[in-house]
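The values are calculated or read from the model by the stated rules, or taken from the named source; none is laboratory data. The model shown is predicted, which means the values in this text are computed figures rather than measured ones. Surface areas here come from the heavy atoms of the whole protein model, side chains and all, with no ligands, DNA or RNA. Shrake-Rupley method; radii C 1.70, N 1.55, O 1.52, S 1.80 Å.
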Amino acid sequence: MKVSEILKVKGNILFTVTPDTPITEAVVAMAEKDIGSLVVMEFGELVGMLTFREVLKTLQENNGSVGPNTVRKHMDDHPITVTPDTDLNEVRRIMLEKHARYVPVMDAKTLLGVMSFYDVAKAVLDAQGFENKMLKAYIRDWPAEEENS
């Protein structure tokens, strides 16, 4: 299964901010939209990701406050990306090795979406459910063996 197949099912709603967005505004947006990441775009290009991981680090650094800075100071400015042609197993490997819960999907310099760990887990579960259903149907239709006399 390819990333492009998962994006078709998931849809292409993207939540973005600019690097100059106040961190407080970004955190409010994440909470209101119940999302764990924001894509940081500048001049139409991906320049970073802000996830709950960066927000938690910011809270820790500022004694429980996000502080007065902008997203630029706190974002991951080198996020790991995948392409629409990346195989799902490769995405799983990358996410596990790099401890990435969110990966932008890029087609050259065009942002197509964001794959979350949840999206990957759901795709795997759905694929296993389909395979399980097909195997059960196959077993149910198993041809009867002829008895040898």
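Karplus-based coupling profile of segment 39-54, in residue order and whole Hz: 7, 9, 10, 9, 6, x, 10, 5, 10, x, 9, 10, 10, 4, 5, 5, with θ = phi - 60° in 6.51 cos²θ - 1.76 cosθ + 1.60 and x standing for Gly or Pro. Please compute the Kirkwood hydrodynamic radius of segment 1-123 from all pairs of different C-alpha atoms, in Å with one decimal. When all Cα pairs of segment 1-123 are included, the Kirkwood radius is 14.8 Å. Relative to the dominant Cα principal axis of the chain, helix 23-33 is inclined by about 30°. Over the residues of the chain, the helix contribution to mean residue ellipticity at 222 nm works out to -14000 deg cm²/dmol, using -39500 (n - 2.57) for each DSSP H run of at least 4. What the chain shows is 68 Å² of accessible area per residue, with the surface traced by a 1.4 Å probe over protein heavy atoms. A Gaussian network model of the chain, with springs between Cα atoms under 10 Å, assigns the largest mean-square fluctuation among E54, E32, E42 to E32.
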